[in-house]
Structures are given as C-alpha cells and as structure tokens.
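What follows is a single structure, written as structure tokens, with notes after it.
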Amino acid sequence: MELLHDPELESFRKEIRAFIDEVLPAEMKARQRTKVQNNATIQDQQEWMRILNGHGRAVAHWPKEYGGCDWTPQQLFIFNEELYAADAPEFDWGGTHMLGPVLYTFGSEALRERFLPMIRNGETYWAQGFSEPGSGSDLASLRTSAELVGDKYIVNGQKIWTSGAAHARWGFFLVRTDKTVKPQKGISFLIIDMASPGVTVRQIPQINGEAHLCEVFLDNVEVPADQLVGEPGMGWTYAKFLLEHERTTSSFIYWSKRELERAKEIARHERVGGRRVCDDPAYRARFARVQADLIALEWSVLRVLAHEETGFPEAAAASVLKIRGSELQQEITMLQLDALGAKSLRYYEPGPEAPTPSADWAEHVPGRTTIALITRAATIYGGTKQVQKNILAKLAYGL
Amino acid sequence: MDFAKSDIQTMLLDSAERLLADSSGVEYWRERRHDPLGFDEGRWAQFAELGWLALPLPEAAGGLDGTIEDVALLNIALGKSLATEPYVSSVVLASQILRQAADRGRADALMGEIASGTLRVALAHQEPGADPLSTEAVVTVARRTADGFVLTGAKLMAADAPSAAQLILSARIEDEDGVALFLVPADADGLTVDAYPLIDGTRAADIRLTNVALSADALLIGSNRGEAVLDEAIHRAGVALMAQAVGAMEACIRICGDYARERKQFGAAIGSFQAIQHILADMFVATHQARSMLYHAIANSNRPAAERAAALSAARIVIGEAGQLVSRSGIQVHGGYGLTDEYAVSHYFRRLMSLEKQYGDLVRHTERFGDSLFA
Ligand SMILES: Cc1cc2nc3c(=O)[nH]c(=O)nc-3n(C[C@H](O)[C@H](O)[C@H](O)COP(=O)(O)OP(=O)(O)OC[C@H]3O[C@@H](n4cnc5c(N)ncnc54)[C@H](O)[C@@H]3O)c2cc1C
C-alpha cells in the first residue's frame with residue numbers, strides 16, 4: 001500500500017485544468033453555474049461534447065480504439081473532478097456512460113460504426129427506456145413487447161421516467177422478445193429512433209417545476225431488426241453490465257464536491273443577524289460533518305477504482321458508493337437550502353439562465369431549490385436505496 | 001388539561017372537513033397557481049361565512065373570541081388540505097397586533113373588515129440579512145413630519161403581502177428607542193411590492209419604501225410596545241403554522257400508507273416489505289411526537305415571553321425535524337411517482353419545507369432553545 005500524494009498525478013491535474021480553461025466557452029460555464037434547472041441544456045451538452053471530441057477527450061473512459069484516452073482510473077477521476085469543478089456541462093450520460101460501453105462490448109461491428117461516432121460527437125441525446133409504470137424496482141417484470149415480423153421488430157408498450165425523451169432523437173430500450181421463458185431471459189436491448197411513427201412522448205411535470213422526465217408510449221413502432229444489440233434475450237445481462245459499469249459514477253462524487261463548494265460559497269456570502277452563515281457554529285459543525293463524509297466517499301471511490309481486495313465481493317463496495325453517494329447529494333443540496341434560509345423558498349421558473357441578481361438575491365439563489373427538489377430522486381433512480389440495501393445485505397453477508 | 005374537543009371545536013372541524021375536503025387535492029392545488037394571488041377568493045369568502053376569519057378576533061370587532069386551541073385545530077385542518085389562503089397573516093398575526101392598537105375604535109373596525117373577508121393585512125417586518133427571530137432587527141426608519149411620518153427602508157419576503165390591501169410595517173422612529181408598528185396601504189406612494197410565489201404556492205413580496213408619507217394615525221403601536229406586541233403576534237403565528245405542519249404530516253402519512261398498500265412490485269404490495277414498513281413506522285412516530293409538541297407550545301402560550309419562546313422553539317425543533325423526515329420518506333416510499341407534480345406527496349413535501357423555514361428555520365430555533373436551557 002502506498003497512499004501518499006503522487007506528484008505525477010498533480011502535474012496531470014494541472015494539464016487538465018489548463019486544457020479545460022482553454023476550451024470551455026465562458027458563456028457555457030456561466031450558464032452551468034447559474035442555470036435554474038437540473039441539467040445543462042441539451043444544446044450545451046452537445047456543443048461541449050463536440051468541443052471535447054475535437055480534442056479526442058469526449059469519451060476519455062472508453063477503450064482507446066473507440067476514442068478513449070487510455071488513462072488510468074486515477075487520471076479519469078481527476079479529469080471528471082476538474083470538469084465539474086470548472087462548471088462544464090455534464091455529459092449525455094445515456095450515450096457516453098450507458099449505451100456506449102454496451103455497444104463496444106456487445107454490439108455488432110455495424111452498430112458500433114453507426115452509433116459510436118454519433119455518441120462521441122454529441123450528435124444526439126439518448127433516452128434510456130427501461131422503467132415502466134408497473135416495473136420500477138422490479139425491472140425484470142417489464143412488459144413492453146417487441147415481436148419479430150420479417151426484418152422488423154414491432155414494439156408495443158409504455159415506458160416511464162425516460163429522462164429527456166422529449167429532446168432525444170434516439171433511445172435504447174429494454175423490451176420483451178420472449179414471453180415463454182423466465183422473465184430475465186426474455187428481455188432484449190433495442191435501439192429505437194424516437195422519430196418513428198407510433199412513438200409518443202409526454203413530459204411529466206415535476207416537483208421542481210421542470211418536466212425533464214417523460215412517459216414514452218410505443219404503439220406498433222417498427223424497428224429494423226438489426227438495431228437489436230447483441231443477442232436476443234440477453235438484454236437483462238447487458239443492462240446489468242451497464243449499471244455495473246456505472247458503479248463509481250453513481251457515487252456522484254464529482255458533482256457532490258462541486259456542490260459542497262457551492263454550499264460554502266453561499267455560507268460565506270449570506271448573512272443572518274450581521275453574521276456570515278459560515279461563522280455560525282451550528283453551520284460549521286454541519287459543514288464539517290458533510291465534508292468529512294465526502295472525503296470518506298472519495299477514498300471509497302478510489303478503492304473501488306483500484307479494485308482493492310477487501311475480502312468482500314467488489315459489488316458490495318460499489319453499493320457503498322451508490323448508497324452513501326446518493327445520501328450525500330441530498331445532504332449537500334439541503335445544506336445549500338438551509339444556508340439560504342427562507343430565501344430558498346422562493347420559486348423560480350426553471351430555465352437555462354438565471355434572472356438578473358440583486359443585492360438581496362445573489363446569483364447563487366435561483367436554481368438551488370430547483371436542483372435540491374429533484375435531488376430527492378438520487379435515492380430512487382438507478383436502484384432505490386432500499387433495493388440497494390437488500391442487495392448489499394445479500395452480497396456482504398449472504399443474507 | 002382536557003384532550004377532548006369542545007362543542008365549538010367539533011363544529012369547527014366538521015365545517016372544515018366539509019369545505020376543505022371538497023376543494024383540495026392535486027388538481028385543486030395545481031389550479032391555484034393560475035390564480036393571481038395563489039388562492040381562490042371565492043373560498044376566502046366561504047372562510048368568512050363559516051366564521052373562520054372571525055375566530056380569534058374580539059367580540060367587539062364582530063369576532064368569536066376563539067382560543068388559541070381553536071385556532072390551532074382549524075390550522076391543522078388547513079394544513080391537511082394544503083390551503084394557500086393567507087389565514088395566518090391576516091387572521092392570526094395582523095389581528096393580534098391590531099388588538100393591541102391604541103385607537104380601539106379604528107382597530108375594531110379594521111378587524112371587523114378582516115372578519116367579514118373584505119380586508120387582508122400582512123406583516124412586513126423581516127429585513128434583508130436580519131435574524132428572523134429578532135423583533136429589534138429593524139433599520140427601516142420613520143421620520144416625524146408636521147402631519148405624520150415619512151418611512152424609508154426595505155423588507156424582505158413578507159409572507160402573503162401580495163394579497164394584502166394593508167401592510168403592518170415595523171420601523172424605528174427617529175430619536176426614539178424601540179420599534180414601532182405602522183399600518184400602511186399597500187398602494188401608498190413610494191412603496192413598491194415585488195411579489196413572487198414560493199415553492200408551496202403561497203406568495204410573498206419584497207417591499208421597498210422610499211419616503212412614504214403617512215398620516216399620524218398610521219402609527220398603530222408606539223416604540224415603547226412594538227417589540228413586545230410583535231413578539232407575541234409572531235409567536236401566535238408560529239403556533240398556527242406548526243399546527244398546519246402537523247396537519248400536513250398527518251395527511252401525508254395516510255397518503256403514504258395507502259400508496260404502500262396499493263403499489264405492487266415483485267408481485268407483492270411494497271407495504272409488505274419490512275424496509276417500507278419501518279419507514280412508515282418512523283413517519284408515524286415522528287408525526288405523533290410532532291402533535292405532542294404542538295400541544296406543548298400551546299400550553300405555554302400564556303407564559304412570560306422567554307418561556308413561551310423556548311416552548312415554541314422546542315416545538316419547532318421536533319415538528320421541523322418530523323416534517324423533514326415525513327416529507328423526505330414520503331417521496332422515497334412513492335419512488336419516481338413522488339417526484340412528480342401529479343402526486344400529492346410532492347405537494348406536502350414543498351409545504352412542509354416552507355413551514356419549516358418561515359419565521360426562523362430549524363437551525364435558528366435550535367439555537368434559541370439551546371440558549372434558553374443555559375440562560
Ligand atoms: C429523476 C429520475 C430519473 C429517472 N431516469 C430514468 C431513465 O432515464 N430511464 C429509466 O428507465 N428509468 C429512469 N428512472 C426510473 C427509476 O429507475 C425508477 O424510479 C426506480 O427504479 C424505482 O422504481 P419506481 O419508481 O417504480 O419505484 P417502486 O419500485 O415502485 O418503489 C417504491 C418504493 O418501494 C420500495 N421497494 C420496492 N421494492 C422493494 C423491495 N423489494 N424491498 C424493499 N423496498 C422495496 C422502493 O425502495 C421505494 O421506496 C428515473 C427515476 C427518477 C426519479
């Protein structure tokens with residue numbers, strides 16, 4: 001074991017910081033800092049992907065042959081950390097972190113050639129069509145069916161919580177291609193053109209005023225059979241692969257680090273009774289606890305990245321990241337609101353740009369509550385906290 | 001001490017049940033956002049017809065002289081149904097201040113108008129950067145003139161101000177110690193009202209006063225009594241708001257229980273999973289404790305100011321934390337559905353968050369209660 005800081009990584013960090021500083025457009029950065037919505041606009045996400053792709057860094061985590069950077073996990077960690085610290089727009093997660101890895105691992109040559117360059121270059125936003133109204137935690141019970149007729153699949157059913165579907169040109173879906181076998185065995189992984197006849201998208205009004213989540217209705221949608229990824233009936237395996245591939249990113253460590261810095265900015269700026277919020281011992285204590293927990297999470301992430309041998313299944317360590325990571329996202333956003341006090345109760349219409357700040361309503365006010373409200377979802381999506389704990393108890397203790 | 005409801009309280013709750021149950025629910029709440037003031041003026045008139053707006057007011061003003069318990073019970077019902085009406089501002093806070101005004105005749109006339117639903121009054125006290133629990137943190141100044149006063153200053157996030165025709169403003173009169181309270185028409189020259197919605201659908205406003213000229217009778221409460229009057233009125237408002245929080249929690253846990261029975265995953269109701277049962281049990285414990293603390297705050301409401309304040313702050317700790325637990329767990333139990341505007345639980349979440357942070361948040365009340373223990 002050798003845990004002291006590595007000077008080589010520090011010079012890598014310097015290089016990355018300078019690189020981002022050079023290529024990230026100032027207006028994009030400003031929008032990311034002040035937006036009154038949870039995610040960057042699709043336009044900013046795509047434009048940013050194009051810029052990074054121009055420098056060969058859009059999909060740094062992919063294998064080199066598909067456009068990756070061949071960096072160590074520690075270098076990737078630093079890269080992501082610096083992106084968030086610099087207020088760069090986040091990636092189109094569906095394409096870069098979900099579909100991409102599935103395609104280059106299991107997809108045919110034709111599918112790879114067709115879609116990987118599109119993903120790298122941010123040419124489309126990808127919808128993830130897994131969950132259904134009756135199939136959330138129990139995803140394997142999904143009912144959307146795809147029937148092979150000639151060289152096409154005919155897809156019927158309904159998806160829900162499909163983030164960004166209203167803006168997505170393409171989506172990757174889990175569909176049932178075989179009803180006769182065990183539920184997990186009858187699921188396939190299908191790429192669907194969202195502009196196909198029979199696809200209807202309804203945006204779902206959310207707790208925070210946004211409507212990013214969608215319902216997707218599929219009514220006799222014809223999908224070319226060659227858009228089925230890998231083998232029929234293997235969709236469940238690919239989906240699990242994809243979720244596991246997401247392991248360390250599901251900690252949201254980079255996001256949380258940036259948001260905790262923002263919470264500190266707020267606490268330094270806001271005043272109550274002539275005192276800065278950060279000078280209030282009650283807040284000091286909370287900041288100290290959250291920061292300490294976040295440092296612990298960071299080390300836990302690094303340990304998973306390094307595949308440390310712990311004597312427990314590695315997936316158990318990965319569950320820690322998801323459980324604690326999602327809780328910390330919520331603690332940090334709520335800390336931001338508490339530091340704002342009653343000001344956090346003001347409702348702002350969601351939008352890509354914040355209203356003009358004033359002396360009483362600093363630039364950091366709009367957006368905080370918009371984001372904190374939807375961050376209640378962190379312990380729900382990608383496997384709820386309860387289901388994660390069920391899994392962890394099984395993995396770690398064999399219960 | 002008697003936990004049974006009096007006849008008048010039973011009547012009150014019956015009428016509340018009838019009116020509020022008919023007009024509440026997700027669709028009703030979502031429609032209210034399109035009302036210019038965030039609530040339905042027609043229903044406000046019904047509040048008046050039912051005597052709710054007269055409840056705590058003195059008989060001389062056409063009021064019912066109801067007790068703080070009566071007011072709390074009605075507010076529990078308002079909280080259950082997430083009413084956005086400015087009940088607490090006008091009927092609890094403003095009337096409590098008006099009752100203490102020197103000019104009784106005028107105050108009674110104003111309260112009479114409140115009782116009949118024709119006048120709404122909001123308090124504008126909190127100033128930018130001020131401690132929300134302080135009655136003395138007032139910089140707004142009132143300069144005496146030949147025929148009255150001229151006010152200059154700024155107020156932040158005055159609850160329900162956008163629907164009020166008259167505002168009660170705290171200000172320091174030049175060369176006097178203490179804080180005085182003025183009644184100011186919301187459309188006075190030199191006064192601007194920057195209105196906006198809060199996340200729970202209620203409205204607030206920032207108020208700016210630039211040389212607002214007032215006649216001498218605008219002074220409701222002089223500098224010698226302003227802080228004490230404010231303190232008691234804000235205390236009563238705090239009790240009413242905590243009653244709303246208790247009502248909101250009690251409704252929320254039922255909604256979550258129903259959902260856990262109906263929602264199926266893995267071939268079983270999610271309520272059959274112990275993880276969910278334990279969450280629901282914790283929500284029940286917290287809600288029960290919250291109502292207990294409401295009673296504690298009410299029971300101490302006639303004590304000397306420091307004791308009264310300590311009891312309310314203690315209540316706000318337990319109720320505030322319960323509100324967080326109930327609202328956060330409520331969403332968790334609902335899964336994705338909890339994040340939508342189309343399910344009631346997300347509305348309860350927003351209201352409970354708002355109630356926790358008005359007139360001093362959990363952190364401030366924790367500090368105040370802590371200080372009281374070692375005073
Ligand atoms: C903001 C957001 C974005 C999302 N984005 C996407 C997306 O892009 N694509 C997509 O396909 N999906 C997406 N999802 C869906 C998400 O994955 C599901 O919400 C999640 O899987 C939970 O399913 P559910 O909402 O149906 O809740 P349910 O499964 O109905 O769960 C309700 C409650 O029951 C509990 N529960 C369920 N089963 C058990 C059990 N066995 N033991 C104990 N407790 C249990 C849960 O923990 C939860 O508390 C998103 C969700 C959200 C909130």
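Residue by residue, here is whether (1) at pLDDT 95 or above; (2) within 16 Å of the ligand (Cβ to nearest atom); (3) within 14 Å of chain B (Cβ to nearest Cβ) holds:
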{"residue": "A:T124", "(1), (2), (3)": "no, yes, no"}
{"residue": "A:A127", "(1), (2), (3)": "yes, yes, no"}
{"residue": "A:E132", "(1), (2), (3)": "yes, yes, yes"}
{"residue": "A:V149", "(1), (2), (3)": "yes, no, no"}
{"residue": "A:I154", "(1), (2), (3)": "yes, no, no"}
{"residue": "A:G157", "(1), (2), (3)": "yes, yes, no"}
{"residue": "A:A166", "(1), (2), (3)": "yes, yes, no"}
Go through (1) within 13 Å of chain B (Cβ to nearest Cβ); (2) farther than 14 Å from A:Q37 by Cα; (3) part of a helix (DSSP H, G or I); (4) in contact (Cβ under 8 Å) with a residue 60 or more places away in the chain and name the single condition A:E327 misses.
(4)
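Mind listing whichever residues of the range A:157-210 are aromatic (F, W, Y) and in a loop (DSSP other than H, G, I, E, B)?
Keep residues of the range A:157-210 that are aromatic (F, W, Y), which gives A:161, A:170, A:172-173, A:189.
A:W161 - this is the single residue of the range A:157-210 that is aromatic (F, W, Y) and in a loop (DSSP other than H, G, I, E, B).
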Note: among A:K240, A:K257, just one is surrounded by fewer than 22 Cβ atoms within 10 Å (Cβ to Cβ), closer than 28 Å to A:R376 by Cβ, out of contact with any Gly (no Cβ under 9 Å at 6 or more places or on another chain) and without any contact (Cβ under 8 Å) to a residue 24 or more places away in the chain, namely A:K240
Exactly one of (1) within 14 Å of chain B (Cβ to nearest Cβ); (2) farther than 27 Å from B:I279 by Cα is unmet by A:A288. Its number?
(1)
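Can you spot a residue in the range B:297-315 that is within 13 Å of another protein chain (Cβ to nearest Cβ) and either part of a helix (DSSP H, G or I) or away from the ligand (no atom under 16 Å from the Cβ) (or both)?
Within the range B:297-315, the first condition is being within 13 Å of another protein chain (Cβ to nearest Cβ), and the residues that meet it are none.
No: zero hits.
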B:G105 fails exactly one of (1) more than 14 Å from chain A (Cβ to nearest Cβ); (2) out of contact with any helix residue (DSSP H, G or I) (no Cβ under 7 Å at 6 or more places or on another chain); (3) surrounded by fewer than 24 Cβ atoms within 10 Å (Cβ to Cβ); (4) closer than 21 Å to B:R350 by Cβ, namely (4)
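For the range A:356-369, what are the residues that are touching a residue at least 40 places away in the same chain (Cβ under 8 Å) and within 12 Å of chain B (Cβ to nearest Cβ)? Before the answer, list the steps.
First, pick out the residues of the range A:356-369 that are touching a residue at least 40 places away in the same chain (Cβ under 8 Å): A:362-364, A:366-369.
Passing the criteria: A:A362, A:P366, A:R368, A:T369.
Here is a list: B:L339, B:L362. Which entry is aliphatic (A, V, I, L, M) and more than 16 Å from the ligand (Cβ to nearest atom)?
Numbers: B:L339 fails: more than 16 Å from the ligand (Cβ to nearest atom).
Matching residue, one of B:L339, B:L362: B:L362.
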Pull up the range A:330-359, narrow it to residues that are within 24 Å of the chain's Cα centre (by Cα) and assigned to a helix (DSSP H, G or I), then point me to the one that is nearest to A:Q388 (Cα to Cα).
A:Q330
Which is away from every other protein chain (no Cβ under 11 Å), surrounded by fewer than 20 Cβ atoms within 10 Å (Cβ to Cβ) and of a type in the set (G, A, S), of B:A233, B:A188?
B:A188
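Quick check on this structure: which one of B:F374, B:F266 is at positive phi and out of contact with any strand residue (DSSP E or B) (no Cβ under 8 Å at 6 or more places or on another chain)? Lay out the reasoning, then the answer.
On the way: B:F374 fails: at positive phi.
Going through B:F374, B:F266 in turn, the sole match is B:F266.
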Counting only residues that are out of contact with any Asp or Glu (no Cβ under 8 Å at 6 or more places or on another chain), assigned to a helix (DSSP H, G or I) and modelled with pLDDT of 95 or more, which one in the range B:89-104 is farthest from B:A344 (Cα to Cα)?
B:L98
Under 8 Å by Cβ, and 6 or more places apart or on different chains, what pairs join a residue from the range A:381-399 that is farther than 21 Å from A:T162 by Cα with one that is away from the ligand (no atom under 11 Å from the Cβ) and outside any helix (DSSP H, G or I)?
A:A393/A:L399; A:L395/A:F312; A:L395/A:P313; A:A396/A:F312; A:A396/A:P313
Filter result (β-branched (V, I, T) and within 16 Å of the ligand (Cβ to nearest atom)) within the range B:216-270
B:I253, B:I255, B:I270
Residue list for the range B:336-375, filter: without any contact (Cβ under 8 Å) to a residue 40 or more places away in the chain, surrounded by fewer than 22 Cβ atoms within 10 Å (Cβ to Cβ) and either touching a helix residue (DSSP H, G or I) at 6+ places or on another chain (Cβ under 7 Å) or at the interface with chain A (Cβ under 7 Å from one of its Cβ atoms) (or both):
B:G336, B:T340, B:V363, B:E367
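Hey, among the residues in the range B:47-58 that are part of a helix (DSSP H, G or I) and either modelled with pLDDT under 95 or within 19 Å of the chain's Cα centre (by Cα) (or both), which one's nearest to B:L74 (Cα to Cα)?
Just the residues of the range B:47-58 that are part of a helix (DSSP H, G or I), to begin with: B:47-49, B:52-54.
Filter once more, keeping what is either modelled with pLDDT under 95 or within 19 Å of the chain's Cα centre (by Cα) (or both): B:47-48, B:52-54.
Working: B:F47: 11, B:A48: 13, B:W52: 8, B:L53: 11, B:A54: 12 Å.
The qualifying residue nearest to B:L74 (Cα to Cα) is B:W52.
Would you call B:R33 of a type in the set (K, R) and in contact (Cβ under 8 Å) with a residue 24 or more places away in the chain?
Details: of a type in the set (K, R): yes; in contact (Cβ under 8 Å) with a residue 24 or more places away in the chain: yes.
Judged against the criteria, B:R33 is a match.
The values are calculated or read from the model by the stated rules, or taken from the named source; none is laboratory data. Keep in mind that this is a model prediction, so the values were computed, not measured. Using ideal geometry, Cβ is built from the backbone for each residue, glycine included, and neighbour counts are taken over all protein chains shown.
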